[in-house]
1. To the nearest 10 degrees, how steeply does helix B:389-401 sit against the main Cα axis of chain B, on a 0 to 90 scale?
2. Going by C-beta contacts inside 10 Å, put B:Tyr190, A:Tyr9, B:Tyr42 in order with the fewest on the left.
3. Which value in Å does the Kirkwood hydrodynamic radius of chain B take, with 1/r averaged over all unlike C-alpha pairs and then inverted?
4. Helix A:123-145 versus the longest principal axis of chain A: what is the Cα-based angle in degrees, 0 to 90, to the nearest 10?
5. DSSP beta bridges in segment B:255-346, what fraction antiparallel, as a percent rounded to 5?
6. Output, in nm with one decimal and in ascending order, the distances from the B:Leu56 label point to the matching label points of the other copies (7 Å from Cα along Cα-to-Cβ).
7. Counting Lys +1, Arg +1, Asp -1, Glu -1, what net charge surrounds B:Met317 among other residues with beta carbon under 10 Å of its beta carbon?
8. For peptide B:299-311, how many partner chain Cβ atoms fall within 10 Å of a residue's Cβ, on average?
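Taken together, the values in this text are just the output of simple stated rules run on the coordinates, not laboratory data. The shown structure was predicted, so the numbers you read here are calculated from the model rather than taken from an experiment. Note that each Cβ is placed from the backbone with ideal geometry, even for glycine, and that neighbours are counted across all protein chains shown.
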There are 2 protein chains.
Amino acid sequence: MNGLLTDLYELTMAAGFFDAGKAEEVATFEVALRRLPANRNYVLAAGIPQVVDYLLNLSFTAEEIEYLRGLAQFRNASPAFFDYLRRLRFTGDLFAVPEGAPLFAGEPLLTIRAPIVEAQIPETYVLSAVTFPTLVASKAARMVEVSGGRAVVEFGTRRAHTPEAGVLGARAAYIGGCAGTSNTLAGFRYGIPVMGTAAHSWVMAFAGEAEAFRQLQRALGESTIQLIDTYDTLEGARRAAQTGQPMWGVRLDSGDLLALSRQVRAILDQAGLEDAKIMASGDLNEYGIRDLVRAGAPIDVFGVGTELATSADAPTMAATYKMVELDIQGIKRFTAKFSEDKVSFPGAKQVFRDVARDVVARSGECGRGEALLRPVILGGKLVEPLPSLEQARQRAAESIAKLTPALRELEVAEPWPVIYSRELKALIEQTRRNLLA
Amino acid sequence: MNGLLTDLYELTMAAGFFDAGKAEEVATFEVALRRLPANRNYVLAAGIPQVVDYLLNLSFTAEEIEYLRGLAQFRNASPAFFDYLRRLRFTGDLFAVPEGAPLFAGEPLLTIRAPIVEAQIPETYVLSAVTFPTLVASKAARMVEVSGGRAVVEFGTRRAHTPEAGVLGARAAYIGGCAGTSNTLAGFRYGIPVMGTAAHSWVMAFAGEAEAFRQLQRALGESTIQLIDTYDTLEGARRAAQTGQPMWGVRLDSGDLLALSRQVRAILDQAGLEDAKIMASGDLNEYGIRDLVRAGAPIDVFGVGTELATSADAPTMAATYKMVELDIQGIKRFTAKFSEDKVSFPGAKQVFRDVARDVVARSGECGRGEALLRPVILGGKLVEPLPSLEQARQRAAESIAKLTPALRELEVAEPWPVIYSRELKALIEQTRRNLLA
């Protein structure tokens, strides 16, 4: 029932492979990072549960198959293919790096090994399912890194590319270290802490700002965060101070956040509201957060929307889904692409993460350090429960702590060393020679 | 059941409005463009059907309401509020510009008028539902504009921000003038023409390129598009030429597309394959397409992915959802935000599009030209069937044809004149004075 959510060519290739008698051949595909996204020193892998859900539910309804039958591109497909498609389930294997693990250019994120049709069809969905959360988790980590211990909260659903992307983005931002999200469904579905203030419409809906503040306090008690910039921020701060406790604090959403946060802090302190906190939002990104933190802005929580929910400076990631091996009746053929500007590397792989470098090796090799690619699905069955969201978030935090300081900076640094094992290099050369022959 | 897909503050405000006795007050909110996205002279409105679906299905399950009850932010909410939420349906009105209509900075895209809780909750979902398709439709129009009559096909699902965004992006790209999409579900669901070639994995899966080409031809017949850059593009072109008819043509996916398209054209022509076409893809955007077309590259179809499916140069749009009116027991209060860098304008509006300018007026005014905001939902019921996708696409094409040549260029031009009617300006001033008083 999710089978059509893929590029047409996956399905025409499926028909072609089937009718060419290749349905029993077992292909290994890998999702790998051709290069890092703009401005990034690493990415945090995310979106694996969505891949698992997809694979475990991969199927086609009768109506969907009828649609395909009607397309010109399937005119030559055999009736047996459509029968095959009706029964198709994912019976293969998925190996993936753990959610929250940092990855670098040239490294695989996951491997799918299955009869060729089952392995080919997922390409489109799988790429889309992992790249977006990976981008958002990575962007969140940058913001958290420079926040100087202040909480960063994800507020971006309204800017996400569809509402559902907002939910998945909230999840990814939490893996990256955000303290919570404004997205209520993300809270309901994933148990992420949900946070919120009030919109300008709240203030506008009452006869005046003072009345709006009192009413918000009545509704939210200690959770009250007064939004003070609807008309004039400092005037708003004074009204919020007059309204007094109970409240969590106030929120700035426009203007010069550094100057305003200082003035507002002074207003709150003078009113004896030293415990009232300041949240700041309004087109913030990691650079803006860093500048505010460095300048000592008295801001306790950063709310980030647009920039995080779209990974605005790097909205795309050059991940590929390439066939690396094909097992034809027990005989392995290694496959790669050697075209001018887009090269892929043959063979199923493993990544060994050692203290100061990663080694990309062939999948059977032994190596030093942690083996990142682990079995998630074997023979179409989930091997063990996926790590919880909290575990993924924890792994991200611990892994980032082990990176060099330069890689944790916002500026692009000397890359983390990623080298290829001797065996993998030999396989690359051998495959190239075979293809030229 | 879609009720939680919103920011928490919409729901805490809902509780606050309800418990403040404001549930009967009727609010009017509008989605407006604060400014155009980067590099754009106009946007094409899209995503209205998703807004309609959302509003007509807005509701909360018992389980969702239980979740809210458990949150600290709802500790003060009355039991009556949760009863209200359980029965909540959208009973208000939606006015929207037609899908495919160009819009400019400062203009409203849609208006929602409903009891305040019903009008507040949709903010997050509605913004997310319209901004992404609007961005993609607008980006597609730029590509189609400079394509010199060649077809532009959307191939971007794998780069979209979630697979579902790929489906909705394909729909939006079609409104913007794309000839089709690679997304099969978009074809199934919306009737968009679906297109595809083959992946590099197809070529790799066979013993050699020649065998792969023959097998693709066997599978696809006249729909065959040989992907010729897996190993060496010109060598691939010669092999495709040897394979000969039937085929639609060949696809270039890497390298210098201008030089390669000329060399490949020559190879095909020399083999007597003058009818075979050339498709080009590979990180193309509107500038790349324009350069290729200007240079006379013999390319028949452009396949665009990443740049289109994420609107990569402008992945966000500064659209706001602001309350403009509140009807309290028959007395209208006009509302606006006058904070430093984010201003909104009071009053329900209409946009009149005349031959050489747009006039933004108050909703009751008469004006010259076409009134863009039209009733879509009244009293919670769809007024008439939505325009078909083909109609939206047609409207986009006809509307773009009426824009000045400069606005249709890729470079930012003198804006289309958008002026405010005298009545609207008077209302703005009056509202400002009232708020200052």
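1. Once rounded, one gets 90 degrees.
2. Starting with the residue having the fewest Cβ neighbours, the order is B:Tyr190, B:Tyr42, A:Tyr9.
3. Hydrodynamic radius (Kirkwood, Cα only) of chain B equals 24.0 Å.
4. Computed tilt is about 30 degrees.
5. 65 percent
6. Going from nearest to farthest copy, the values are 3.4 nm.
7. Result for the local shell: +4.
8. Average neighbour count from other chains, rounded to a whole number: 2.
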